[in-house]
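K.L.:
Input: one structure, supplied below.
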Amino acid sequence: MNKNEKSEIIAEAKELIEKSTAVYVADYSGVNVADISELRNQFRKEGVTYKVFKNTLFKRALAETGKYSKLADNLEGMSGFAFAFDNPVAPAKIIKKYFDNNKKFSLKACYIETEFYSGNQLDQLATLPTKADLIAGILSSINAPASGIVGSINAVFRDLLSVIDQISKKAA
């Protein structure tokens with residue numbers, strides 16, 4: 001690999017690092033090509049980019065961006081990189097599902113926003129709600145008091161109509 005090719009790879013890695021909200025490093029040793037292709041498809045469906053870079057080139061990209069510095073300590077052996085943009089916990093869910101089924105493709109480490117997580121925290125990461133789930137929960141919490149008030153008002157009117165109906169039956 002010549003110097004220009006290395007520069008292009010580092011530039012690509014830097015761009016992915018800069019644009020992503022989360023970067024996951026996974027050990028893909030022992031995973032066959034068919035399974036890697038399936039994993040790539042699952043990542044793609046969730047808007048995640050999965051790439052394999054040489055560890056030394058990725059370390060240089062990390063150093064040049066100044067982000068996610070602790071990942072460099074986990075770059076040994078076969079490393080695959082998942083870059084999340086909209087849903088930072090999607091890679092954790094995919095990695096955990098595959099790891100639970102095959103005992104391969106383990107998480108080495110990751111960064112979500114500015115927080116570092118080691119590979120042994122995969123279970124906690126995979127149970128985090130997605131951004132869409134959080135937004136839906138917040139909106140339903142905001143909406144709940146309003147619907148409670150509407151229900152209370154409707155109950156008062158319903159009770160009032162019931163009383164009026166009872167009085168009209170007694171008068172008749």
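K.L.:
Here are some residues: Tyr117, Tyr68, Tyr111, Tyr98. Which one is hydroxyl-bearing (Ser, Thr, Tyr) and at positive phi?
P.N.:
When all the criteria are applied, what remains is Tyr68.
K.L.:
Can you give me the number of residues within the stretch 21-43 that are over 17 Å from Phe105 (Cα atoms) and either surrounded by fewer than 20 Cβ atoms within 10 Å (Cβ to Cβ) or without any contact (Cβ under 8 Å) to a residue 60 or more places away in the chain (or both)?
P.N.:
1
K.L.:
Can you find a residue in the stretch 72-81 that is crowded, with 18+ Cβ neighbours inside 10 Å and out of contact with any Lys or Arg (no Cβ under 8 Å at 6 or more places or on another chain)?
P.N.:
No, the stretch 72-81 contains no residue that is crowded, with 18+ Cβ neighbours inside 10 Å and out of contact with any Lys or Arg (no Cβ under 8 Å at 6 or more places or on another chain).
K.L.:
I want to confirm something. Restricting to the stretch 90-116 and keeping residues that are in contact with a helix residue (DSSP H, G or I) (Cβ under 6 Å, 6 or more places away or on another chain) and not in a helix (DSSP H, G or I), which single residue is farthest from Leu39 (Cα to Cα)?
P.N.:
Among those that are in contact with a helix residue (DSSP H, G or I) (Cβ under 6 Å, 6 or more places away or on another chain) and not in a helix (DSSP H, G or I), it is Phe116.
K.L.:
Further question: Looking only at the stretch 85-96, count every residue that is within 11 Å of Ser20 (Cα to Cα) and touching a strand residue (DSSP E or B) at 6+ places or on another chain (Cβ under 7 Å) and tell me the total.
P.N.:
Of the residues in that region, 1 qualify.
K.L.:
Could you please find all residues in the stretch 56-84 being assigned to a loop (DSSP other than H, G, I, E, B) and out of contact with any strand residue (DSSP E or B) (no Cβ under 8 Å at 6 or more places or on another chain)?
P.N.:
Result: Gly66, Glu76.
K.L.:
Mind checking whether some residue in the stretch 51-67 is over 21 Å from Glu5 (Cβ atoms) and aromatic (Phe, Trp, Tyr)?
P.N.:
no
K.L.:
Could you list, in sequence order, all residues of the stretch 1-20 that are more than 24 Å from Tyr111 (Cα to Cα) and aliphatic (A, V, I, L, M)?
P.N.:
Met1, the sole residue that qualifies.
K.L.:
Would you be able to tell me the number of residues in the stretch 100-127 that are surrounded by 15 or more Cβ atoms within 10 Å (Cβ to Cβ), among the polar types (S, T, N, Q) and closer than 14 Å to Pro88 by Cα?
P.N.:
Residues that pass the stated criteria total 0.
K.L.:
I would also like to ask the following. Tell me, yes or no, whether the stretch 63-70 has at least one residue that is closer than 25 Å to Asn32 by Cα and out of contact with any Lys or Arg (no Cβ under 7 Å at 6 or more places or on another chain).
P.N.:
No, the stretch 63-70 contains no residue that is closer than 25 Å to Asn32 by Cα and out of contact with any Lys or Arg (no Cβ under 7 Å at 6 or more places or on another chain).
K.L.:
Kindly check whether there is at least one residue in the stretch 101-108 that is of a type in the set (A, V, I, L, M), within 26 Å of Lys51 (Cβ to Cβ), modelled with pLDDT of 85 or more and touching a Gly at 6+ places or on another chain (Cβ under 7 Å).
P.N.:
yes
K.L.:
Moving on. Criterion first (over 21 Å from Asp123 (Cα atoms) and in the same structural domain as Gln124 (by TED's automatic domain parsing)) does Arg44 satisfy it?
P.N.:
yes
The values are calculated or read from the model by the stated rules, or taken from the named source; none is laboratory data. The structure displayed is predicted, hence computed values, not measured ones. When we count neighbours, we look across all protein chains shown, and the Cβ atoms used for this are built from the backbone with ideal geometry, even at glycine.
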